[in-house]
Amino acid sequence: ALISLTFIAVSLARTWLPDEVSLESATVENGKIVMEKPALAGRNNKGFDYSMNAERALQDIASPNLMTLEKVLAAVPMNDIVAQVVAQEGIFDRATNRLKMTAPFDINLSNGIQAKFQSADVDLKAGTMDSKTPVAIKTQEGSINADSLHIADNGKTITFSGQVRARIAASTIQNAGK
């Protein structure tokens, strides 16, 4: 019976997952399909590649489009740089290609910028991200702390809101005037 249930779970998981999603194995636990090492890869509407991997994905059979992801690692394009997202947990909606980060997480950009978030909503296809909770961003030249943030157009536009505090190295300001 357990083998049959596992076979059904794997068959259902593979049916509900798009072609660009892969997984190592699937089992049923407490009415949920538990997938080990799920991975997603694709291309956004601007032609940039993105990917997302997780240690585990939990999918309620009643809500097959929603997957709770544990230990998430994602690569999200932002123009000519890549944002590496490292999080303990997120909820992926495969119908909309959106990732809701429900716990604190970090983003490290390939250009050296580091950001810490409490939560956020990421639209992988549109290349946008919204965080309505405090954010802290550090670069070699300074830092920005804000109550919320909106990123659009794959990182071309970043809008900070609420109480925004910036620290900029004097040498950066002096070099900009030359």
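The values are calculated or read from the model by the stated rules, or taken from the named source; none is laboratory data. Keep in mind that this is a model prediction, so the values were computed, not measured. Backbone-built Cβ (ideal geometry, glycine too); neighbour counts: all protein chains shown. Ligands, DNA and RNA are excluded from the accessible area calculation, which covers all protein heavy atoms including side chains. Shrake-Rupley method; radii C 1.70, N 1.55, O 1.52, S 1.80 Å.
With Val10, Val34 as the choices, which residue is of a type in the set (Val, Ile, Thr), assigned to a strand (DSSP E or B) and either closer than 17 Å to Ile61 by Cβ or at pLDDT 50 or above (or both)? Full working, then the answer.
Details: Val10 fails: assigned to a strand (DSSP E or B).
None of the others qualify; the one that does is Val34.
Restricting to the stretch 29-57, name every residue that is more than 27 Å from Gly127 (Cα to Cα) and either touching a residue at least 60 places away in the same chain (Cβ under 8 Å) or open to solvent by 50 Å² or more (accessible area, probe 1.4 Å) (or both). Steps first, please.
At the first step, the residues of the stretch 29-57 found to be more than 27 Å from Gly127 (Cα to Cα) are 29-34.
Those that are more than 27 Å from Gly127 (Cα to Cα) and either touching a residue at least 60 places away in the same chain (Cβ under 8 Å) or open to solvent by 50 Å² or more (accessible area, probe 1.4 Å) (or both): Glu29, Asn30, Lys32.
If only one of Thr172, Thr96 is exposed (fewer than 14 other Cβ atoms within 10 Å of the Cβ), over 30 Å from Met35 (Cα atoms), β-branched (Val, Ile, Thr) and touching a strand residue (DSSP E or B) at 6+ places or on another chain (Cβ under 9 Å), which one is it? Lay out the reasoning, then the answer.
Numbers: Thr96 fails: over 30 Å from Met35 (Cα atoms).
Of the residues listed, the single one that is exposed (fewer than 14 other Cβ atoms within 10 Å of the Cβ), over 30 Å from Met35 (Cα atoms), β-branched (Val, Ile, Thr) and touching a strand residue (DSSP E or B) at 6+ places or on another chain (Cβ under 9 Å) is Thr172.
Restricting attention to the stretch 147-159, and to residues there that are open to solvent by 50 Å² or more (accessible area, probe 1.4 Å) and part of a strand (DSSP E or B), which single residue is farthest from Thr102 (Cα to Cα)?
The residue in question is Thr157.
Somewhere in the stretch 58-80, is a residue without any contact (Cβ under 8 Å) to a residue 60 or more places away in the chain, of a type in the set (Asp, Glu), open to solvent by less than 70 Å² (accessible area, probe 1.4 Å) and out of contact with any Asp or Glu (no Cβ under 8 Å at 6 or more places or on another chain)? Before you say what the answer is, go through the steps one by one.
First, the residues of the stretch 58-80 that are without any contact (Cβ under 8 Å) to a residue 60 or more places away in the chain: 58-76, 80.
From the residues that got through so far, the ones that are of a type in the set (Asp, Glu) too are 60, 70, 80.
Pick out the ones that are also open to solvent by less than 70 Å² (accessible area, probe 1.4 Å) and you get 60, 70.
Still in the list and also out of contact with any Asp or Glu (no Cβ under 8 Å at 6 or more places or on another chain): 60.
So far as the stretch 58-80 goes, yes, one or more of its residues are without any contact (Cβ under 8 Å) to a residue 60 or more places away in the chain, of a type in the set (Asp, Glu), open to solvent by less than 70 Å² (accessible area, probe 1.4 Å) and out of contact with any Asp or Glu (no Cβ under 8 Å at 6 or more places or on another chain).
Does Gln88 satisfy being open to solvent by 70 Å² or more (accessible area, probe 1.4 Å) and in a loop (DSSP other than H, G, I, E, B)? Spell out the reasoning first.
Numbers: open to solvent by 70 Å² or more (accessible area, probe 1.4 Å): yes; in a loop (DSSP other than H, G, I, E, B): no.
In short, no.
Could you please give the count of residues in the stretch 109-146 that are over 21 Å from Glu89 (Cα atoms), open to solvent by less than 60 Å² (accessible area, probe 1.4 Å) and without any contact (Cβ under 8 Å) to a residue 60 or more places away in the chain? Talk me through it step by step, then tell me what you get.
Step one: list which residues in the stretch 109-146 are over 21 Å from Glu89 (Cα atoms), which gives 110-113, 126, 138-146.
Still in the running and open to solvent by less than 60 Å² (accessible area, probe 1.4 Å): 112-113, 126, 139, 142-146.
Next, from what is left, pick out any that are without any contact (Cβ under 8 Å) to a residue 60 or more places away in the chain: 112-113, 139, 142-146.
Residues in the stretch 109-146 being over 21 Å from Glu89 (Cα atoms), open to solvent by less than 60 Å² (accessible area, probe 1.4 Å) and without any contact (Cβ under 8 Å) to a residue 60 or more places away in the chain: 8 in total.
Would you tally the residues in the stretch 99-108 being open to solvent by 40 Å² or more (accessible area, probe 1.4 Å) and part of a strand (DSSP E or B)?
Going through the stretch 99-108, the residues open to solvent by 40 Å² or more (accessible area, probe 1.4 Å) turn out to be 100, 102, 104, 106, 108.
Subsequent filtering for residues that are part of a strand (DSSP E or B) retains 100, 106, 108.
Within the stretch 99-108, residues that are open to solvent by 40 Å² or more (accessible area, probe 1.4 Å) and part of a strand (DSSP E or B) number 3.
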